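Structure first, then comments.
Derivation of every value follows stated rules applied to the coordinates shown; laboratory data play no part. A quick note: this is a predicted structure, and the numbers were derived from the prediction, not measured. Glycine also receives a Cβ, built like all others from the backbone with ideal geometry; neighbour counts cover every protein chain displayed.
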Amino acid sequence: MQQSQPEEYGEVLDFKGIGESLNIPEDYIRLKDYKINPRIISTGLKDILIPIKSREILNNIKPNFEKILHVSLLNQSVGYHLYTIEDGTIYTRNFAPQVGINEECATGTSNGALIYLLSKEGLTDEADIIQGETMGETSMIYTKAIHLMNKYIIKVGGKATLIDEH
């Protein structure tokens, strides 16, 4: 699926508010090997893309959804899209209490925004992103950013398995 042209809405430097909403220290809000601050980006929905220091920290976050909702409303975003990079693999979690979704196991627009950010930062133009691990509903989201004539084409896809017909 091709997504809308990415739009950037700036950095979110409220590390204290983000940390409190995720119940983690502020210094966990960063990637291990890269300097990228939380940033609001949209390829259809505005998300705050938040780097997390490690996969272990990402998977052990106990979010405070009321505080996430507050920070999201202040920043006019749908919610948080957390990500980390470990051994070349990207792992994510998505919290969107503003639209009634505390945690989502697969998000196309958020991962589209993420691949745009990672491409723009020179890290990668294509990635298979793992999401939903902590929910026991692991998803693989295929993402690709193509940079042509000062614009980005963002493509997202994936695989799903029906586990319950109710």
Long pairs among Lys35/Lys144; Lys46/Lys120; Lys53/Lys151, criterion Cα-Cα beyond 28 Å
Lys53/Lys151
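Can you figure out the FRET efficiency of Leu13 with Lys62, using R₀ = 30 Å and their beta-carbon distance, to the nearest 0.05? Each step should come with its number before you reach the end.
Values: r = 23 Å, r/R0 = 0.78.
After rounding, the FRET efficiency stands at 0.80.
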Relative contact order of region 37-86 (C-alpha contacts under 8 Å, at least 6 apart) in percent is 47 percent
Which whole-number value in Å³ per residue fits the convex hull of the alpha carbons of region 36-84?
75 Å³
Share, in percent, of DSSP beta bridges within region 7-159 that are antiparallel, nearest 5:
80 percent
Ordered by packing density, taken as the mean number of other Cβ atoms within 10 Å over each peptide's residues, highest first, how do 88-101, 60-73, 108-121, 144-157 rank?
108-121, 88-101, 60-73, 144-157
Evaluate the Kirkwood expression for the hydrodynamic radius of region 73-166, namely the inverse of the mean inverse distance over all pairs of different C-alpha atoms, and round to one decimal in Å.
14.1 Å
Full extension from Gln2 to Asn23: what is 0.36 nm times the residue separation minus their Cα-Cα distance, to one decimal in nm?
4.1 nm
Report, ordered by chain and residue number, the aspartates and glutamates lying within cross-link reach of Lys155, taken as a straight Cα distance under 14 Å and ignoring same-chain residues fewer than 8 apart.
Asp125, Glu126, Asp128
So how much slack lies between Thr89 and Met149, counting 0.36 nm per residue of separation and subtracting their Cα-Cα distance, in nm?
18.8 nm
Report the full-extension gain for the segment Met140 to Asn37: residue separation times 0.36 nm, less the Cα-Cα distance, to one decimal in nm.
34.6 nm
Give me the three principal axis extents of region 7-159 from the C-alpha atoms, as integers in angstrom, largest value leading.
40, 31, 31
